[in-house]
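Heads up: the structure comes next, in structure tokens.
The values are calculated or read from the model by the stated rules, or taken from the named source; none is laboratory data. Computed from a predicted model, the values in this text were never measured in an experiment. Backbone-built Cβ (ideal geometry, glycine too); neighbour counts: all protein chains shown. Accessible surface areas use protein heavy atoms only, side chains included; no ligands, DNA or RNA. Shrake-Rupley method; radii C 1.70, N 1.55, O 1.52, S 1.80 Å.
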Amino acid sequence: MSFEDKSPEKIIVQVAIDSPLNQLFDYAWHEDFATAPQKGQIVQVSFGRQECIGVVMQVLDKTDYDLEKIKKVQAIAPLQPISSDVMAMAEFAAIYYQRPIGEVLIPSIPKMWRQKNKWELLGKEKRLSKTSAATKNTKAQPGNEISLNEEQLFIVEKLWNQSISKKFSCNLLQGITGSGKTLTYLRWLKKILDDDESQVMIMVPEINLTPQLESSVEQAFPGKKLVVMHSGITDRTRADNWEKAHSGKAQIILGTRMAVATSAPNLKAIVVDEEHDLSYKQQEGVRYSARDLAVWRGKKLNIPVVLASATPSLETWFHAQEKRYEILSLKERAAKNAKPPLIQILDLKQEQKAGKKNEHGISEYLLNELQKNIEQGRQSIIYINRRGYSPVLNCQACGWLSDCVKCSAHMVLHKITEQKKNLCCHHCGVMRPVQKVCPDCGNTDLSPLGKGTQKIEEFLSERFPKAKILRIDADTTRTKGSAESLFSEIHDGDADIIVGTQMIAKGHDYQSVSLVGVIDADASLFSQDFRASERLFAQLMQVAGRAGRSEEAGESKVIIQTNYPEASPYKYLRHADVDGFLEEIKNERQLVGLPPFSYQALVHGEHKTLVQAIDMLKDASQLAKSDKIWPANAMLSDVIPRAMVRIAGKERAQMLVESESRQDLQKSIEILQHYLTEAHTKRKGVGWYIERDPISI
Ligand code: ADP
Ligand code: ZN
Ligand code: ZN
């Protein structure tokens, strides 16, 4: 059927709309439209009493509804249809993550393209109010003149051959921080971009923490147009950038997880940098893994995908061991004279036995090393992954703790000014001034227990009064530009000690840090989450990787304090033995059948009362298990309260679905979806969702 030989009012389009209803909606193509409908077109329709945008999913010549009553499509966005690979990926994700297609697809379109009254404005050239990032930055070129070493050249060649063969391949680019991974994939992409039509995508965890990134990537590709896609840009910029990628005007798309669904007609390569990073997993709405979707998209397009990391996720590493992914490894630090740091695991129990003091949890040994480093004019990092002053306030008389009334968590003490402290819940955001007396017993002697970044900062500035100390955590980097100015102070050498959370660990190329001290990392050894040790290892490797990045840093040292030096993350950290560590946890998981040796989905239920949440999941579970099509291979756990049972006044329950077969897991969650919907009609107040491939259990 062609558009020309049909009377236009008979053409029906099925449209995806952002609605919780799991269906498409039929509309008639408007007889006044000059163009025929196409899959992927963005259209405006009326829906209920509102007007909204939708995406054409199918073009039909009939409908089950009354043709007379069917509404017409009101307008077509002045854009090409969304690229077919993105359409296919959205359809796949809708099934895989068990969400309506509209909920998957529509939010991936920038907000202003979702508002018809903005379409005209978006068509117009924006006045250039700001200079672009590249001209704003006057700093050195990011190594355009550097000659690659042999390992790097070999990898570029290998990737380039994959590009030429126009076949899908997934590559794990593995190498310690500073081994030259970034420069390697940039050089490969540059070869691809010699063809003016080609587009490439680079995904990174969090752009706002690496302000130099945009300009350094831009400078790596002179004469090419780069656009960014992340949550830190305005709606207008996001709409413009998306359009540039979508129309093929931009060759490089650099962004966070949201970038994965950017429509791009000539995409020839996808890089996911720091592929193990948890921020690739969306934690609300459609809970997708952008890394996994990137691999899917690459496969669909028959193009190479590169997953880069110093500490790959076990899933990715295992794929590579099993030869499903290619391993490309870089073994040495690339920059001239940059030496990997000496990693010391400091046994705090031994220290104590030997009568050595520690102050605020920092050992005498580490304090002496700090002192020496400051005297030599070198920079040091103290890593503590907890922001605030103290994790909890305590009454020594009766044992009262500053618990949040809405969450099963302590409220954290924060220093606001020298005199003033607040209590703040990191889960629901509630904040209040510190009380003077214990609410339970009236005692006035309330004291902070434990330490966070603020307390360590306070202590270190008393201990080293001449040193310049900077603190980097979510509190000091909240306002726009603050992270940028803190990081440039570090780069300019204006800091002797940097106290920070894991924010300091990400991707920063500090040139003169030669001492890293890790205090208080043991807590995660006791987490019930089976991925906790993998995460701890990755985090500490990342932090350790900040030391000794250049000749300037000289001999560098990483000191990790612990009460459990034999715990496996520390055992392997000593020799920075990433493969050894991954091999060990792989064997552990294999023994008990955890991912990647099984596939999981977590069913969540939440309600004001725990019993309601639990009962709703139990109802669905019983129905699902007694259905004769329930796969024998799929295991459904008991319904249990979540480890952190209450957040913001909601009680939370969960049950885990597990199977060794991906297909059987898929079948079982489709069955569950059905019965959860049914069970929900009886307990309407209970919120629920299914999370595929959960990363914390
Ligand atoms: P990674 O991404 O593995 O952390 P980068 O690509 O950022 O590593 O490289 C780390 C540092 O080494 C950068 O300053 C980079 O310019 C430099 N570098 C990379 N490759 C080379 C090389 N072949 N020769 C000299 N310096 C290099
Ligand atoms: Zn008390
Ligand atoms: Zn709370």
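Within the P(r) computed for the chain, what percentage of the Cα pairs occupies the region above 48 Å?
Considering the chain, 21 percent of its Cα-Cα pairs are separated by more than 48 Å.
What are the residues whose amide H is under 5 Å from the amide H of A334, where those residues sit 5 or more places off or on another chain and H is modelled from the backbone?
Distant-sequence amide H within range of A334: S179, G180.
Can you pull the accessible area of W29 for me, 1.4 Å probe, Å² to the nearest 10?
Surface accessible to solvent at W29 totals approximately 0 Å².
By how many nm would the segment from A36 to D445 grow when fully extended, if each residue of separation counts as 0.36 nm and the alpha-carbon distance is taken off?
Between A36 and D445, full extension yields 139.6 nm more.
Rank T479, T138, T316 by accessible area, highest first, at a 1.4 Å probe radius?
Output order, biggest surface exposure first: T138, T479, T316.
Quote the accessible area belonging to C398 in square angstrom, nearest 10, computed with a 1.4 Å probe and with ligands, DNA and RNA left uncounted.
Approximately 70 Å² for this residue.
Sticking with the crude label model, points 7 Å out along Cα→Cβ, report the distance from K468 to V430 in nm, one decimal please.
Going by the 7 Å Cα→Cβ label model, 4.2 nm.
Express the relative contact order of the range 139-286 as a whole percentage, based on alpha carbon pairs under 8 Å and six or more residues apart in sequence.
Reported relative contact order: 27 percent.
Using only Cα atoms, find the angle between the long axis of helix 235-246 and the longest principal axis of the chain, and express it within 0 to 90 degrees, rounded to the nearest 10.
Value to nearest ten degrees: 60.
Compare the peptides 237-250, 363-376 by average per-residue count of other Cβ atoms within 10 angstrom and give them in order, highest first.
237-250, 363-376
Of the listed peptides 20-26, 500-506, what is their order by residue-averaged count of other C-beta atoms within 10 Å, with the highest listed first?
Answer by packing, highest mean first, reads 500-506, 20-26.
Using the Cα centre of the range 30-111 as the reference point, and only Cβ charges (+1 on K/R, -1 on D/E), how large is the resulting charge dipole? Debye, rounded to the nearest 20.
240 debye
By how many nm would the segment from K331 to Q350 lengthen if fully extended, with 0.36 nm per residue of separation less the alpha-carbon distance?
Result: 3.5 nm gained on full extension.
Calculate the FRET efficiency for H674 and R574 from the Cβ-Cβ distance with a Förster distance of 51 Å, rounded to the nearest 0.05.
After rounding to 0.05, the efficiency reads 0.50.
Straight distance only, please: which lysines reach the Cα of K356 with their own Cα at less than 24 Å, same-chain residues fewer than 8 apart left out?
Of all the lysines, those that pass the test against K356 - Cα under 24 Å, at least 8 places apart if same chain - are K372, K451, K455, K557, K571.
Over the chain, what is the mean sequence separation of C-alpha contacts under 8 Å (at least six apart), divided by residue count, expressed as relative contact order in percent?
After rounding, I find 11 percent.
Could you tell me whether the range 643-697 comes out rounded, prolate or oblate from its Cα gyration tensor? Rule is a ≥ b ≥ c as square roots of the eigenvalues, rounded for a/c under 1.5, then prolate if a/b exceeds b/c, otherwise oblate.
Cα axes put the range 643-697 in the oblate bin.
Under a plain spin-label model, where a point goes 7 Å from the Cα along Cα-to-Cβ, how far apart in nm are K62 and N563?
Label at K62, label at N563, 7.4 nm between them.
Lone cysteines in the chain, defined as no other cysteine's Cβ under 4.7 Å from theirs: which are they?
C52, C170, C424, C428
Pop the C-beta distance of L656 and F92 into the FRET formula with R0 = 22 Å and round what comes out to the nearest 0.05.
Rounded to the nearest 0.05, the efficiency is 0.40.
Using +1 at the C-beta of Lys and Arg and -1 at the C-beta of Asp and Glu, which of I202, A239, L278 has the Cα lying farthest in the positive direction of the dipole of the range 162-287?
It is I202.
Given +1 on the Cβ of Lys and Arg, -1 on the Cβ of Asp and Glu, and no further charges, what dipole in debye does the chain carry about its Cα centre, rounded to the nearest 20?
The dipole magnitude comes to about 1000 debye.
Could you put E351, E91 in order of accessible surface area, largest first, with the 1.4 Å probe and the full protein assembly present?
Heavy-atom accessible area, descending, gives E91, E351.
For K357, which lysines qualify as cross-link partners when the Cα separation must be under 16 Å and same-chain residues fewer than eight apart are set aside?
Within reach: K349.
For the pair Q376/Q396, report the inter-label distance in nm, with labels modelled 7 Å from Cα in the Cβ direction.
Between Q376 and Q396, the simple spin-label model gives 4.0 nm.
What length, rounded to one decimal in nm, is gained on full extension from F597 through to L278, with 0.36 nm per residue of separation minus their alpha-carbon distance?
Net length gain for the segment: 112.8 nm.
To the nearest 10 square angstrom, how much accessible area does R378 have with a 1.4 angstrom probe?
70 Å²
May I ask you to derive the relative contact order of the range 584-697, considering only C-alpha pairs under 8 Å and at least 6 residues apart, and to give it as an integer percent?
Value for the range 584-697: 40 percent.
Taking amide H positions as placed in the peptide plane 1.01 Å from N, state which residues far from K557 in sequence (5 or more) or on other chains have amide H under 5 Å from it.
Here the answer is L342, L515, V516, since their amide H atoms fall under 5 Å of that of K557.
Could you check how much of the accessible area of the range 397-466 is carbon and sulfur, as a whole percent, using a 1.4 Å probe?
53 percent
FRET efficiency for S147 and D509, Cβ-Cβ distance as r, R0 = 30 Å, nearest 0.05?
With R0 = 30 Å, the Cβ-Cβ based efficiency is 0.95.
Could you order L610, L105 so the one with the most accessible surface comes first? Probe is 1.4 Å.
L610, L105
Please sort 266-274, 77-85 by packing, taking for each peptide the average over its residues of neighbouring beta carbons within 10 angstrom, highest first.
Order by mean packing, descending: 266-274, 77-85.
Using θ = phi - 60° and the Karplus curve 6.51 cos²θ - 1.76 cosθ + 1.60, what whole-Hz ³J(HN,Hα) does each residue of the range 28-40 get, with Gly and Pro shown as x?
Ordered by residue, 3J(HN,Hα) equals 8, 6, 6, 5, 7, 5, 7, 10, 7, x, 9, 4, x Hz.
Given a 1.4 angstrom probe, what's the average accessible area per residue across the chain, in square angstrom?
It amounts to 46 Å² per residue over the chain.
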